[in-house]
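Note sheet for the following structure.
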Amino acid sequence: MRPILIALFLSLPAALHAQSGDEYAPASRAATDAVTEDAARAIVASAIDGHVLPGFDVLAAEAEALAGVASTDCIPGSEALRTAWNAAFDAWIRVSHLRFGPAETDNRAFALAFWPDTRGATPSALGQLLSDEDPVIGTETGFATVSVAARGFYAMEFLLYDDVLSAEAQGPYGCALVRAAAVDIAATAEAIRDDWRDSYAGLMRTAGDNAHYQSAEEALRALYGALDQGLEFDADVRLGRPLGTFDRPRPARAEARRSLRSLRNLVLSVESLRELAAILATAPGADAARVDAAFATALDRAARLDDPAFAGVDDPQGRLRVEVLQQAVQSARDTVRAEIGPALGVAAGFNSLDGD
Amino acid sequence: MTRAALMGSAALAAWGAAAAAQDAAGVVSHYADMAEAQYADSLAAAETLDAAVDAFLAAPSPEGLQAARAAWLAARVPYQQTEVFRFGNPVVDDWEGRVNAWPLDEGLIDYVDAGYGGPTDDNEYAVLNVIATESFELSGETVDATEITPALLQDTLQEADGVEANVATGYHAIEFLLWGQDLNGHDHGAGDRPWTDFAAGDDCTNGNCDRRGQYLDAATDLLVTDLQEIVAAWGADGEARAAVTADPQAGLSAMLTGMGSLSYGEQAGERMRLGLMLNDPEEEHDCFSDNTHNSHYYDGLGVQNVYLGQYVRIDGTLVDGPSLSDLVAATDPALDAEMRTRLAETMQALGRIKTAAEAGFSYDQMLERGNAAGEALVMGGVNGLIAQTESIERVVAALGLDGFAIEGSDSLDDPSAVFQ
């Protein structure tokens, strides 16, 4: 934001022209800075060091461990394989709201996590590969050209837990497919982590001195947007999809229901967003305690739910408890918008949920 | 400058603010005028399409089908440019699904190839085929479909069972009836429905030709009446106009919300990147007619139109007036230059897709797995749209509109968005 005096100065010539009828004066309501450039940079640095980099470090490590387990154990029903997959998926969920920058490059976030899948692309793409025994999965570069619906954590869930596909994946080709998916996840996670470490964190830290982030405020907006959109996704998609409408609940649309991870994913996401919110709430003027309490309420509601795949949306009692959780997540989002947005002087930008 | 120097600074500030408010009002008012002109053009083109369909159905022939297809393609040119008016304006967004809903499970409407599959987890009516079915159960109720009327399409079949893929009305339902499924996969070629699907008596192919004709007639009639409604909504006393002109600052915010939401979540995400990432030719926006390159191009042009305050009507006249660009240039000329450049770069990238498609490298070929040239073309458009969204966010901040919540459509809760 430009200081108000400069805005007025710049507006003068146009304002004079405006009287003669041809030109249009600017909006002169330049906003005042909510945080100084230095304070903004400090908050960005805390978020990178305390939230972003550690999160992607854990993801890369867990994904590598998954690829290691899959190299020796590729049977869909294997407990060791499932445990490694769950641990890596946990790590992804904790950073899944950080979809800008390195996660957006080369569609990496989609390659790790294609969901929701409204047209059943994942089972159909996997079924196609299995029935064709398509040799494209034989190399890492080959597999990277495959439809994102057949890659990443959600595709692996079908291979490990879906009754039909896990049976089809018992043979040698299925084993190769499980390994290819795990290796691909590891490579993608490593690429995201390396980009963050080697370049993107630097761009955010030096916001204002590079073209990508023209001010520290823009870097803050990216982080704040990730927080806001993460909460929106939790409320509207992770919870909203299975809720459907009262007359037409849609339990089959719950995220990762085959592995009974729907509630777990929601909780991991809200916990991680709470961590990011706490860092952003260090901005002067934000009531950090109020923000934290809103998250605590949401997590408390989740802890009482005892419905791992939101299957209860089908009956009125169970539905009510999922709705109560959804309201608590929405309320956390409202609190973030009331406390953190104004304190940082930013609004969430456009997001992927815009559109229809 | 001399006069300004004589004024006290407080008086100057007040005067500047008043001038700015007036200018915002001028910009949103011109924006509403542009919208009215664009929907009026869309209506005129839809009336031409309706007339071509009526003539074809009165005396089915290969030439008649060709003429109807040509009219449909022409009708898309003005309509796609209006998409930017949707997001941020609840009046338009609530209406829009009736005319341009997509993607659709076309088996709801008519016969489909065996490879299309059956009912899905998400949609148990994916292969209802109302053209072949005079009576059926829908969500527990018996539906009498002996006559296929606009009311049946709009009130009963559209979004049947609460599933958005049940698209019974609008451009894409009409497109499916004119072209049929595109069974060429990733190969060049559009849908190839025979004209005899609408022929009388023994010439009729694929059965129920009279009912297919009823459906096409009802859908084109509806398109015209739906567009009449939205043209009126942008008229002097219309609700869509009031939604953006009542509070000019909110109107500016709605303009930028439309530009950003269409650029990023909708076009770059749902419509372009998704098809590429899934390598799925069915993810083409105009998949039956293979007109997707134009669909994307005119969507992008609509965004640029709004920023520049300019629109070329279907009779060739230029609509021009106070623009967002004028406002930004007066506040931050460098940002105005950046915004114009990024919009132009996007149009160049979308132009390359259009050029290649018109030269015979069709959009579904671009989506094929391992097709590097196609991927580069599509990603060029996606990257341009993402880059221009960053600039749109800067414009929002520069015009002091950060206080307005920037949301997409009120269909944000819709789960089919891709960037999730």
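Values as computed for the structure displayed
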item	result
Of all residues making up the stretch A:188-208, the number that are of a type in the set (Gly, Ala, Ser) and crowded, with 20+ Cβ neighbours inside 10 Å	3
Residue count, the stretch B:143-158 (criterion: under 19 Å from B:Ala101 (Cα atoms) and touching a Lys or Arg at 6+ places or on another chain (Cβ under 9 Å))	2
Residue identified as closer than 30 Å to A:Ser166 by Cβ and in contact with a helix residue (DSSP H, G or I) (Cβ under 8 Å, 6 or more places away or on another chain) among A:Arg274, A:Arg261, A:Arg290, A:Arg301	A:Arg261
Residue selected from the stretch A:132-174 under the condition within 11 Å of chain B (Cβ to nearest Cβ) and hydroxyl-bearing (Ser, Thr, Tyr), by the criterion nearest to A:Trp115 (Cα to Cα)	A:Ser147
Count - residues of the stretch A:209-250 that are within 30 Å of A:Gly318 (Cβ to Cβ), without any contact (Cβ under 8 Å) to a residue 60 or more places away in the chain and surrounded by fewer than 24 Cβ atoms within 10 Å (Cβ to Cβ)	3
Of all residues in the stretch B:266-281 being at pLDDT below 85 and facing chain A (nearest Cβ under 8 Å), the one that is farthest from A:Phe114 (Cα to Cα)	B:Asp280
Where A:Ala256 falls short, out of the listed (1) within 14 Å of chain B (Cβ to nearest Cβ); (2) closer than 18 Å to A:Ala328 by Cα	(2)
Every residue from the stretch B:240-258 that is out of contact with any Asp or Glu (no Cβ under 9 Å at 6 or more places or on another chain) and within 9 Å of another protein chain (Cβ to nearest Cβ)	B:Gln249, B:Leu252
Qualifying residue in the stretch A:334-345 (condition: within 14 Å of another protein chain (Cβ to nearest Cβ), modelled with pLDDT of 95 or more and crowded, with 18+ Cβ neighbours inside 10 Å)	yes
Criterion violated by A:Gly349 - all others in (1) within 14 Å of chain B (Cβ to nearest Cβ); (2) closer than 29 Å to B:Gly260 by Cα; (3) surrounded by fewer than 22 Cβ atoms within 10 Å (Cβ to Cβ) satisfied	(3)
Among residues of the stretch A:59-77, those that are at pLDDT below 95 and of a type in the set (Gly, Ala, Ser), counted	1
Which listed residue is within 14 Å of chain B (Cβ to nearest Cβ), over 30 Å from A:Glu190 (Cα atoms) and within 20 Å of the chain's Cα centre (by Cα), from A:Gly240, A:Gly244, A:Gly230, A:Gly225	A:Gly240
Residue match in the stretch A:310-333 (condition: more than 14 Å from chain B (Cβ to nearest Cβ), touching a Lys or Arg at 6+ places or on another chain (Cβ under 7 Å), farther than 22 Å from A:Arg221 by Cβ and not aliphatic (A, V, I, L, M))	yes
Candidates A:Ser71, A:Ser124, A:Ser96, filtered to the one that is touching a residue at least 12 places away in the same chain (Cβ under 8 Å), among the hydroxyl-bearing types (Ser, Thr, Tyr) and more than 11 Å from every other protein chain (Cβ to nearest Cβ)	A:Ser71
Contacts under 8 angstrom Cβ, first residue in the stretch B:70-90 being at positive phi, partner in a helix (DSSP H, G or I), 6 or more apart	B:Gly88/B:Ser253; B:Gly88/B:Ala254; B:Gly88/B:Met255; B:Gly88/B:Leu256; B:Gly88/B:Thr257; B:Gly88/B:Gly258; B:Gly88/B:Ser261
Of all residues making up the stretch A:32-56, the number that are within 14 Å of chain B (Cβ to nearest Cβ) and either at pLDDT 95 or above or buried (at least 18 other Cβ atoms within 10 Å of the Cβ) (or both)	3
Residues that are among the β-branched types (Val, Ile, Thr) and within 14 Å of chain A (Cβ to nearest Cβ), drawn from the stretch B:132-175	B:Val163, B:Val167
Residues satisfying the stated conditions in the stretch B:368-400, i.e. among the hydrophobic types (A, V, I, L, M, F, W, C) and facing another protein chain (nearest Cβ under 10 Å)	B:Ala372, B:Met379, B:Val382, B:Ile386, B:Ile392, B:Val396, B:Ala397, B:Ala398, B:Leu399
Selection status of B:Asp192, surrounded by fewer than 21 Cβ atoms within 10 Å (Cβ to Cβ), closer than 30 Å to B:Arg369 by Cα and without any contact (Cβ under 8 Å) to a residue 24 or more places away in the chain	yes
Single residue of B:Asp110, B:Asp122, B:Asp105 found to be surrounded by 22 or more Cβ atoms within 10 Å (Cβ to Cβ), more than 15 Å from B:Ala219 (Cα to Cα) and either within 14 Å of another protein chain (Cβ to nearest Cβ) or touching a helix residue (DSSP H, G or I) at 6+ places or on another chain (Cβ under 8 Å) (or both)	B:Asp105
Among the residues listed as A:Ala293, A:Ala309, the single one being more than 19 Å from A:Ala40 (Cβ to Cβ) and surrounded by fewer than 16 Cβ atoms within 10 Å (Cβ to Cβ)	A:Ala293
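Conditions (1) more than 16 Å from B:Pro60 (Cα to Cα); (2) of a type in the set (Ser, Thr, Tyr); (3) out of contact with any Pro (no Cβ under 9 Å at 6 or more places or on another chain), marked per residue:
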site: B:Gly185; (1), (2), (3): yes, no, no
site: B:Phe198; (1), (2), (3): no, no, no
site: B:Cys209; (1), (2), (3): no, no, no
site: B:Gln214; (1), (2), (3): no, no, yes
site: B:Asp221; (1), (2), (3): yes, no, no
site: B:Leu227; (1), (2), (3): yes, no, yes
site: B:Ala242; (1), (2), (3): yes, no, yes
site: B:Thr257; (1), (2), (3): yes, yes, yes
site: B:Gly260; (1), (2), (3): yes, no, yes
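Residue-wise test of (1) surrounded by fewer than 19 Cβ atoms within 10 Å (Cβ to Cβ); (2) at pLDDT 70 or above; (3) not in a helix (DSSP H, G or I).
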residue	(1), (2), (3)
B:Ala17	yes, no, no
B:Ala21	yes, no, no
B:Val28	no, yes, no
B:Tyr31	no, yes, no
B:Met34	no, yes, no
B:Asp41	no, yes, no
B:Glu47	yes, yes, no
B:Ala51	yes, yes, no
B:Asp54	yes, yes, no
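The values are calculated or read from the model by the stated rules, or taken from the named source; none is laboratory data. Nothing here was measured: the structure is a model prediction, and the numbers come from that model. Note: ideal-geometry Cβ built from the backbone for every residue, glycine included; neighbour counts use all protein chains shown.
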